[in-house]
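Readers should treat all values here as calculations from the given coordinates under stated rules, not as data from a laboratory. Small disclaimer: the values here were computed from a predicted structure and weren't measured. Virtual Cβ from ideal backbone geometry, glycine too; neighbours counted across all protein chains shown.
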Protein chains: 2
Amino acid sequence: MIEIGEVTVPAATVARLPYYLRALRDLTREGVDTTSSSELAERSGVGSAQLRKDLSYLGSFGTRGVGYDVESLSSYIAAALGLGSEHRLAIVGVGNLGHALANYSGYAARGFCLVALLDADPSVVGREAAGLVVEHVDELERVLGERDVSMVILATPGSAAQAVAERVVACGVREILSFSPVALQLPDDVVVRSVDVAGELQILAFHAAARNAQQGDGVARPDGPSTPRAPAEVGKNSVT
Amino acid sequence: MIEIGEVTVPAATVARLPYYLRALRDLTREGVDTTSSSELAERSGVGSAQLRKDLSYLGSFGTRGVGYDVESLSSYIAAALGLGSEHRLAIVGVGNLGHALANYSGYAARGFCLVALLDADPSVVGREAAGLVVEHVDELERVLGERDVSMVILATPGSAAQAVAERVVACGVREILSFSPVALQLPDDVVVRSVDVAGELQILAFHAAARNAQQGDGVARPDGPSTPRAPAEVGKNSVT
DNA sequence: ACTTGTGAATAACTTCACAGCA
DNA sequence: TGCTGTGAAGTTATTCACAAGT
């Protein structure tokens, strides 16, 4: 549950707002200017009641009997997500993953601005990526201060993550997106979101195991590539 | 809620098992062979009651008054996560991100085996990465069949994701990890986990906006790099 | 007629608190 | 004594179902 201004928004609702925003922007691109809770919900992969409930925490945006204006709902959600003010971003750890994240092109379009890359490896420092020169992590405090960084993406090895996170927090950063598979121990007011690819695969493996345990007790995948399929009705697949 | 064998495990519990497993493996590496719910919980970033409750869905592994044997709990969780049988993995979309995911070194150690890379871009097809040659996505059905792929990582552009996902599902794959920011419409029995970096940043931006709205109504970040900090007590930061 | 917005009902998840056992 | 395992209580989130509005 997150308080913003007067109102309180469930964390689960906040986590879905980006989906709604994406769906709305797709609609804009397609030239659609009015939509309904059911259309928007389907495109976002949630139920329509869920979508209406979620929006109701933020206010009242639709017209009964008609639906939602794509443009205005879109800009309202963008505003709620704080995408009006530009968020200045640094990436610490420019290995495989950090490098890929640096080259991600969608930051600007979504109100983010990548302003610094940092790494500890001397063979990476000085290299250029995404129009920025990689700086040494020793300079972290100076760089984050000078560039007025307010958000950090952590893509260091797990062993370095806690120490780097502490330094980042000491620089005043309060929102961190971590790709390191460790539980960061940080002050309560710091918001950490954590993405763990290996963990996601393990969760999928659990589902696979559950399926196999259920159906037939068999050992491996029960069917080859060319077997009749279940009717491809649209389903709500579990996400995050 | 997920049924496996006789029992039913909450989805939220399953999503935490990888954290517990990671913490246990860290303990093993440190030579610790007995632990308690509170130590393990702290290392995993959850509460100790939560951890005990989670484990209780899977069975009863500890010794009252003593704690848990690191080794046996570790292998039990690994088994529950289906990491006994090897999961054969393909990556579709070898751009920035797909390439980084291909070079991720942790698959083997976690019971996964990367066996194919596919892309639609002729300038990428034929290149080598992670010891594999990138094949053309036209060959998807053949490659997935021949290599007995059971899980797919989707790292294509959003526009291609739905079509590729349908083909992958038609090959019998039932677990997909998607990095494309679209809600895939697939049969109910397909499990999709979705990682959306831009979405994560937007959620962080919401938190930042909430913080700013609360404290002082100010415009930007209220303090510079060198301000006295809150007492760095350990907190439960929100994760996924 | 049709779709939103929302109380009320249900379900899922977390936390508490303590019995049970080494 | 100390820590696990778990019912019960509390909290959060989702779904239902319908009144309100256009």
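For this structure, a couple of remarks:
- Computed over the alpha carbons of segment B:87-195, Rg followed by Dmax gives 12.5, 36 Å.
- Rounded to the nearest 5, the antiparallel percentage of DSSP beta bridges internal to the protein assembly as shown is 30%.
- Inter-chain neighbour count for B:98-104: the average number of beta-carbon atoms from partner chains within 10 Å of each residue's beta-carbon is 4.
- Counting only Cβ charges, +1 for Lys and Arg and -1 for Asp and Glu, the dipole size of the protein assembly as shown around its Cα centre is about 560 debye.
- Teacher prompt: residue A:6 distances to equivalent labels in other copies, 7 Å Cα→Cβ, nm: 5.5
- A protection proxy built from the mean count of other Cβ atoms within 10 Å ranks the segments A:55-64, B:103-112, most packed first, as B:103-112, A:55-64.
- Sorted shortest first, the separations between the residue B:146 label point and its copies elsewhere in the assembly read 5.2 nm; each point sits 7 Å from Cα along the Cα-to-Cβ line.
- Over chain A, dividing the summed -39,500 (n - 2.57) contributions of all DSSP H runs of at least 4 residues by the number of residues returns a 222 nm mean residue ellipticity of -12000 deg cm²/dmol.
- Percent RCO, i.e. relative contact order, over segment A:87-197, from Cα pairs under 8 Å lying at least 6 residues apart: 25 percent
- Overall form of chain B per C-alpha gyration tensor (a/c, 1.5; a/b vs b/c): oblate
- Partner chain coverage, peptide B:171-177 - average Cβ within 10 angstrom: 5
- Compactness of the protein assembly as shown, taken as the C-alpha radius of gyration over 2.2 N^0.38 Å, stands at 0.98.
- Sorting the segments A:119-126, A:199-206 by their residues' average number of neighbouring beta-carbon atoms within 10 angstrom, most packed first, yields A:199-206, A:119-126.
- Placing unit charges on the Cβ atoms of the charged side chains and taking the dipole of segment A:2-80 about its Cα centre, the candidate lying farthest along the positive direction among A:5, A:63, A:51 is A:51.
- Each listed q (0.16, 0.17, 0.19, 0.20 Å⁻¹) maps to a log10 I(q)/I(0) for segment B:2-80 from the Debye sum over equal C-alpha point scatterers, namely -0.52, -0.59, -0.74, -0.83.
- At 0.692 mPa s and 37 °C, Stokes diffusion of segment A:47-112 via Kirkwood alpha-carbon radius, µm² per second: 225 µm²/s
- For segment B:23-144, share of DSSP beta bridges that run antiparallel, in % to the nearest 5: 35 percent
- The chain A residue nearest the rotation axis shared with chain B, using its Cβ and rounding the distance to whole Å, is A:100, 2.
- Relative contact order of segment B:2-80, taken over Cα pairs closer than 8 Å and 6 or more residues apart, is 35 percent.
- Note on A:86-92: average number of Cβ atoms from other chains within 10 Å of each residue's Cβ is 2.
- Euclidean distance between Cα centres, segment B:61-84 to segment B:95-168, Å: 33 Å
- Each copy carries residue B:126; placing its label point 7 Å along the C-beta direction from Cα gives inter-copy distances of 3.4 nm, listed from smallest up.
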